[in-house]
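Trainee: Pasting in a structure now, in C-alpha cells, and then I'll have a few things to ask.
The values are calculated or read from the model by the stated rules, or taken from the named source; none is laboratory data. None of these values were measured; they are calculated from a predicted model. With ideal geometry, Cβ positions are generated from the backbone for all residues, glycine too; neighbour counts draw on all protein chains shown.
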Amino acid sequence: MKRITWHKTHTVCLLAGVWMSSAVHASSVIELFTSQGCYSCPPAEELLAELIEADDSLIALEYHVDYWDTLVYGSAGQWVDPFSQPAFSARQRGYNQKPLKGRTGVYTPQAIVNGQYAAVGSIRKNVEAALAQPKPDGVDVEITRADSGWQVSVSPRSEQAGVGDAQVWFVRYQQRATTEITAGENKGLSLTNHNIVLSMEALGSVGESGSTDYEVQADSDENIGCAVLVQDNVLSPILAAAKCPV
C-alpha cells in the first residue's frame, strides 16, 4: 500500500473534471475495535454491516487490534489477524484513558461512538442508544474530488467552536474483505469485514477561524474508501466527520 501524501493549501482551485463534494456538520461515527481471533466479534461485525446498510451517512469503521494475535486457542492454534495493527490497539487504550460514558475498558468487540460513548459492539440497543446521543457540531468538513486527488476543507463555525488542538485525520479503509479463518477461536469460519481501517494520517490542526485546506492523494482501488475525522489529538470527542464521496 502506498502511504497517503498531502500538502496544505490556502485556496481551492477548480481542476479539470467533475467535482463531487461531501459536506457534513456532525455525521455519527462508530469505531468498532475487533479481531478475527475473537469468537464473540463476528456478531458485532454483522451488526456494523447492518448499520452501514441502514444509514448511508453513518461513518462506521473497523479497527482490528493486535492483542489477540499471540493467543493460542488449544488445538485450534494461533490466528494472526491480517488487518491488525499495534496502532489500533493503542488507539483503543487511549480511549480507555478518557472519561467515556457506557461500558469502558479494553475489550473486544467494543464500539466507541462519536468518541464519547463505549458499548459492547454486539449489543444493538446499546449501540443505537449511543448513536442517538447529542454530539458536537461546531466544525464543518467538506471533501471534494477532482481527477486523482481529494480536497479537504475544515473550518470552525465560530471562534467559540472550542476546537482547541483538534487534529484533522484522513482515514483510509477497505470497504469489504472475506477471510477464511484456519486457526484460533474462529477456526473454520468465513468472516466478512466491512470498512476495515488501513491507515490514519494526521493532516494538521484546525484553525481557530477561517478554513484550513488540504490536498490528499486518492487511491485507485475502488474497494478503498476514506473519511475525515476532526478530533482532539489526545482523543475524544469527535468534533466533525465526513466520508469521501463515491
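Trainee: When VAL141 is evaluated against the numbered criteria (1) closer than 21 Å to ASP56 by Cβ; (2) at pLDDT below 90; (3) crowded, with 18+ Cβ neighbours inside 10 Å, which criterion, by number, is the only one it fails?
Mentor: (2)
Trainee: If you don't mind, there's one more thing I want to ask. Given the criteria part of a loop (DSSP other than H, G, I, E, B) and either within 20 Å of SER27 (Cβ to Cβ) or out of contact with any Ser or Thr (no Cβ under 6 Å at 6 or more places or on another chain) (or both), does ASP213 qualify?
Mentor: Taking the combined requirement at face value, the residue does not satisfy it.
Let's see how each residue does on (1) closer than 14 Å to ILE196 by Cβ; (2) of a type in the set (Lys, Arg):
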position: LEU58; (1), (2): no, no
position: ASP66; (1), (2): yes, no
position: LEU71; (1), (2): no, no
position: ARG93; (1), (2): no, yes
position: GLN97; (1), (2): no, no
position: ALA111; (1), (2): no, no
position: ASN126; (1), (2): no, no
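Trainee: Can I ask one more? Looking at the structure I just gave you, is ARG176 crowded, with 19+ Cβ neighbours inside 10 Å, touching a strand residue (DSSP E or B) at 6+ places or on another chain (Cβ under 6 Å) and basic (Lys, Arg)?
Mentor: Criteria not met by ARG176.
Trainee: Taking only pairs six or more apart or across chains, which ones have beta-carbon atoms under 8 Å, a first residue in region 68-90 that is at pLDDT 95 or above, and a second residue that is among the acidic types (Asp, Glu) and outside any loop (DSSP other than H, G, I, E, B)?
Mentor: Partner pairs satisfying both residue conditions: PHE83/GLU62.
Trainee: Okay, moving on. Can you find a residue in region 26-35 that is more than 26 Å from SER220 (Cβ to Cβ), at pLDDT below 90, of a type in the set (A, V, I, L, M, F, W, C) and touching a strand residue (DSSP E or B) at 6+ places or on another chain (Cβ under 8 Å)?
Mentor: Taking every residue of region 26-35 in turn, at least one turns out to be more than 26 Å from SER220 (Cβ to Cβ), at pLDDT below 90, of a type in the set (A, V, I, L, M, F, W, C) and touching a strand residue (DSSP E or B) at 6+ places or on another chain (Cβ under 8 Å).
Trainee: Strands (runs of 3 or more DSSP E) wholly in region 91-210 with at least 2 residues that are within 17 Å of ALA44 (Cβ to Cβ) and touching a Phe, Trp or Tyr at 6+ places or on another chain (Cβ under 9 Å) - which ones?
Mentor: 110-113, 117-120, 166-180, 190-205
Trainee: With respect to ARG157, determine if the residue is surrounded by fewer than 16 Cβ atoms within 10 Å (Cβ to Cβ), closer than 30 Å to VAL80 by Cα and either of a type outside the set (Phe, Trp, Tyr) or touching a His at 6+ places or on another chain (Cβ under 9 Å) (or both).
Mentor: Here the answer is no, as ARG157 does not meet what is asked.
Trainee: Take region 57-90 and flag every residue that is surrounded by 17 or more Cβ atoms within 10 Å (Cβ to Cβ), in contact with a strand residue (DSSP E or B) (Cβ under 9 Å, 6 or more places away or on another chain), part of a loop (DSSP other than H, G, I, E, B) and not hydrophobic (A, V, I, L, M, F, W, C).
Mentor: Of everything in region 57-90, those that are surrounded by 17 or more Cβ atoms within 10 Å (Cβ to Cβ), in contact with a strand residue (DSSP E or B) (Cβ under 9 Å, 6 or more places away or on another chain), part of a loop (DSSP other than H, G, I, E, B) and not hydrophobic (A, V, I, L, M, F, W, C) turn out to be ASP69, ASP81, SER84, GLN85.
Trainee: State which residue is nearest to ASN114 (Cα to Cα) when the search covers only region 125-137 and only residues that are buried (at least 18 other Cβ atoms within 10 Å of the Cβ) and modelled with pLDDT under 95.
Mentor: Filtering region 125-137 for residues that are buried (at least 18 other Cβ atoms within 10 Å of the Cβ) and modelled with pLDDT under 95, the one nearest to ASN114 (Cα to Cα) comes out as LYS135.
Trainee: Let me ask you something else. Name the pairs whose Cβ atoms lie under 6 Å apart, with the first residue in region 172-196 and without any contact (Cβ under 8 Å) to a residue 40 or more places away in the chain, the second of a type outside the set (S, T, N, Q) and part of a strand (DSSP E or B), and 6 or more positions between them or separate chains?
Mentor: The qualifying pairs are SER190/GLU180.
Trainee: Going residue by residue through region 223-246, is there one that turns out to be assigned to a strand (DSSP E or B) and of a type in the set (Ser, Thr, Tyr)? Spell out how you get there, then give the answer.
Mentor: Here is the first cut: in region 223-246, the residues assigned to a strand (DSSP E or B) are 224-232, 238-243.
Still in the running and of a type in the set (Ser, Thr, Tyr): none.
Checking region 223-246: not a single residue is assigned to a strand (DSSP E or B) and of a type in the set (Ser, Thr, Tyr).
Trainee: Suppose we filter region 57-79 for residues that are among the charged types (D, E, K, R) and under 30 Å from VAL246 (Cβ atoms); how many remain?
Mentor: The total comes to 1.
Trainee: Looking only at region 39-54, which residues are of a type in the set (Gly, Ala, Ser) and either part of a helix (DSSP H, G or I) or within 14 Å of the chain's Cα centre (by Cα) (or both)?
Mentor: Correct list: ALA44, ALA49, ALA54.
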